[in-house]
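What follows is a single structure, written as structure tokens, with notes after it.
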Amino acid sequence: MSLSIEQLARANVRALTPYQSARRLGGNGDVWLNANEYPLPVDFELTQQTLNRYPECQPKLVIERYADYAGLQPDQVLTCRGADEGIELLMRAFCEPGEDAVLFCPPTYGMYSVSAETIGVAYRIVQAREDWQLNLAEIEARLDGVKLLYLCSPNNPTGNLVNPADIRALLEMTRGKALVIADEAYIEFCPQASVAGWLGEYPHLVVLRTLSKAFALAGLRCGFVLANAPVIELLLKVIAPYPLATPVADIAAQALSESGLAEMRRHVETIKQNREQLVTALRQSRWVEAVFDSETNYLLVRFRASSFVFKSLWDQGIILRDQNKQPGLAGCLRISIGTRAECNRVIDALAALPVSDDLREQA
Ligand SMILES: *Cc1c(COP(=O)(O)O)cnc(C)c1O
């Protein structure tokens, strides 16, 4: 019997819908507000001229500087190809394909399910409550066989923090059973909310971080896993031998220097100011039903006739992220906070949209 290439592939890969990244979704825009990137590039120069050599697996300077920044010891830090790789390394180290499960709480970040499907690990969904907080009773009822619980705080795409008391309750509930992974991709916008300081109390806590958002380095592909040394040691067994290219480590170390951190903090202030201005303007738009509070560099907004709004702005080169298909998010679009001028483009485009009777009915 002769098998096609498709038939030779693993069943779970054949069934897989790849992550619909902003880049894959495309669009012909000049105002990109769909991937929660920082709107402007930062300048770096390469200082390492050693591309004939393999890089360090865990570049020492990057690890030391991140540990300092996070208030941890170097043996509690692992660096990898973006937080996305961290999500997957944890599954590869802790989940037996076909046996163990991971659990997460939609509406949330899309890569938890995509990684689980790629690896062949079952995932369990416990939808967040209406206020987007954890449904702890339901999680407890469905914990059997679960090795990893992913929670995203602040949550993408809703922008809210998970209640710290609930995270503690979850950590007590899972002690000796499973790991709790707090995805803190946006924590620089609300640093006081980090749970990284809890690592001493919980051997099964893991925190994911990235340089892609507040550090303005999405193109660098550099992220971090923060955990106690025994977890880090296991992840080091499954990570690629050279996860960070030499130029990546070079730039990451600069981004984590004192001046790099100061620049990141200036980004955060700018984005927060633009966010407040955008919130105020959106709340005055006739197209907007609700702007949800956000601790991040994006806003989740419920629109009247959201498909019409999405398409109209798309046609004008303003690319937002449609969240309609996420549970509980009908009518919602996510808008990354851009420059002041980009935020104004959104407001002006909304103000110029024609309102007709049939549109009002659609809404
Ligand atoms: C952007 C994002 C990531 C991925 O970060 P990378 O470091 O670019 O891979 C992970 N988690 C959440 C919640 C994100 O929004």
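The values are calculated or read from the model by the stated rules, or taken from the named source; none is laboratory data. Here the structure is a predicted model, which means the values were calculated and not measured. With ideal geometry, Cβ positions are generated from the backbone for all residues, glycine too; neighbour counts draw on all protein chains shown.
Structure values in brief
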quantity	calculated
Selected residue [modelled with pLDDT of 95 or more, of a type outside the set (Lys, Arg) and in a loop (DSSP other than H, G, I, E, B)] from Ala253, Ala249, Ala214	Ala214
Any hit, segment 235-248, residues being more than 20 Å from the chain's Cα centre (by Cα), farther than 16 Å from Leu89 by Cβ, of a type in the set (Lys, Arg) and surrounded by fewer than 20 Cβ atoms within 10 Å (Cβ to Cβ)	no
Residue in segment 208-220 that is within 15 Å of the ligand (Cβ to nearest atom), surrounded by fewer than 16 Cβ atoms within 10 Å (Cβ to Cβ) and under 21 Å from the mean Cα position of the chain (by Cα) present	yes
Residues within segment 87-134 that are within 13 Å of the ligand (Cβ to nearest atom) and either farther than 16 Å from Ile181 by Cβ or of a type in the set (Asp, Glu) (or both), tallied	2
Matching residues, segment 70-86, being on the phi > 0 side of the Ramachandran plot and more than 12 Å from the ligand (Cβ to nearest atom)	Gly71
Every residue from segment 118-139 that is in contact with a Leu (Cβ under 9 Å, 6 or more places away or on another chain), in a helix (DSSP H, G or I) and modelled with pLDDT of 95 or more	Leu136, Ile139
Boolean, Glu6 is in contact with a Lys or Arg (Cβ under 8 Å, 6 or more places away or on another chain), over 30 Å from Ser257 (Cα atoms) and either modelled with pLDDT under 95 or surrounded by 11 or more Cβ atoms within 10 Å (Cβ to Cβ) (or both)	yes
Tabulated pairs, segment 3-22, first closer than 21 Å to Tyr112 by Cβ, second among the hydrophobic types (A, V, I, L, M, F, W, C) and outside any helix (DSSP H, G or I), C-beta under 6 angstrom, 6+ apart or interchain	Ala22/Ala35
Sole exception among (1) crowded, with 18+ Cβ neighbours inside 10 Å; (2) within 16 Å of the ligand (Cβ to nearest atom) for His204, by number	(2)
Filter result for Asn135 (among the polar types (S, T, N, Q) and in contact (Cβ under 8 Å) with a residue 24 or more places away in the chain)	yes
All positions within segment 223-246 that are part of a helix (DSSP H, G or I) and under 17 Å from Ala67 (Cβ atoms)	Ala229, Pro230, Val231, Ile232, Glu233, Leu235, Leu236
Residues of segment 288-327 classified as buried (at least 20 other Cβ atoms within 10 Å of the Cβ) and either in contact (Cβ under 8 Å) with a residue 60 or more places away in the chain or among the aromatic types (Phe, Trp, Tyr) (or both), total	12
Selected residue (only one of Ala67, Ala11, Ala15 is more than 16 Å from the ligand (Cβ to nearest atom) and either under 22 Å from the mean Cα position of the chain (by Cα) or surrounded by 13 or more Cβ atoms within 10 Å (Cβ to Cβ) (or both))	Ala67
Count of residues meeting criterion [more than 15 Å from the ligand (Cβ to nearest atom), more than 11 Å from Val225 (Cα to Cα) and not in a loop (DSSP other than H, G, I, E, B)] in segment 37-64	3
Test: residue in segment 233-256 that is away from the ligand (no atom under 16 Å from the Cβ) and within 26 Å of Glu295 (Cβ to Cβ)	no
Whichever residue in segment 78-111 is within 18 Å of Arg124 (Cα to Cα) and charged (D, E, K, R) and, among such residues, is surrounded by the most Cβ atoms within 10 Å (Cβ to Cβ)	Glu88
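Here is a yes/no grid of residues against (1) within 15 Å of the ligand (Cβ to nearest atom); (2) touching a residue at least 40 places away in the same chain (Cβ under 8 Å); (3) surrounded by fewer than 22 Cβ atoms within 10 Å (Cβ to Cβ); (4) under 28 Å from Val291 (Cα atoms):
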{"site": "Gly159", "(1), (2), (3), (4)": "yes, yes, no, yes"}
{"site": "Ala165", "(1), (2), (3), (4)": "no, no, yes, yes"}
{"site": "Met173", "(1), (2), (3), (4)": "no, no, yes, no"}
{"site": "Gly176", "(1), (2), (3), (4)": "no, no, yes, no"}
{"site": "Trp198", "(1), (2), (3), (4)": "no, no, yes, no"}
